[in-house]
Amino acid sequence: MEYQPKGVCSRQIQFDVVDHKVKNVSFLGGCNGNLQGISRLIDGMDVDEAITRLDGIKCGFKSTSCPDQLAQALKEAAGQ
């Protein structure tokens, strides 16, 4: 799936959901090292668990963050 995040530095999030598990997460733009770390940490994680862990994280004074936007993308993919 491709997702266009809103209100953050990254311009695109790509990922797969296989058997309700998050796979192959990649971000275009944003803080490269941090986003690679997040991508590796949630690889293979249950979609609902990833949403629970990432939803609501803020970046500085922004009302969202790249992890929060990934949670929004996962919600969309899961039909939530």
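The values are calculated or read from the model by the stated rules, or taken from the named source; none is laboratory data. The shown structure was predicted, so the numbers you read here are calculated from the model rather than taken from an experiment. In this analysis, Cβ positions are derived from the backbone assuming ideal geometry, glycine residues included, and neighbour counts consider all displayed protein chains. What goes into the accessible areas is simple: the full protein's heavy atoms, side chains included, and nothing from ligands, DNA or RNA. Shrake-Rupley method; radii C 1.70, N 1.55, O 1.52, S 1.80 Å.
What number in nm² do you get for segment 2-46 if you take the convex hull of its Cα atoms and divide its surface by four?
3.0 nm²
For helix 32-42, what angle does its Cα long axis make with the longest principal axis of the chain, in degrees from 0 to 90 and rounded to 10?
30 degrees
Find the accessible area per residue for the chain; the probe is 1.4 Å, ligands and nucleic acids are left out, and the unit is Å².
59 Å²
With a/c under 1.5 counting as rounded, go ahead and sort the chain into rounded, prolate or oblate using the C-alpha gyration tensor (a ≥ b ≥ c being the square roots of the eigenvalues; past the cut-off, prolate if a/b is larger than b/c, else oblate).
prolate
In the chain, with Lys and Arg counted as +1 and Asp and Glu as -1 at Cβ, which of these residues, 79, 39, 20, has the Cα nearest the positive end of the dipole, that is, farthest along it?
Final value for the positive-end residue is 39.
On the protein heavy atoms, probe 1.4 angstrom, tell me the percent of accessible surface of the chain carried by carbon and sulfur.
About 50 percent, which is the carbon plus sulfur part of the accessible surface.
Near residue 10, within a Cβ-to-Cβ distance under 14 Å, what is the net charge of the other residues, with Lys and Arg +1 and Asp and Glu -1?
For residues surrounding residue 10, the net value is +1.
Could you give the length gained on full extension between residue 78 and residue 2, defined as 0.36 nm per residue of separation minus the Cα-Cα distance, in nm?
26.0 nm
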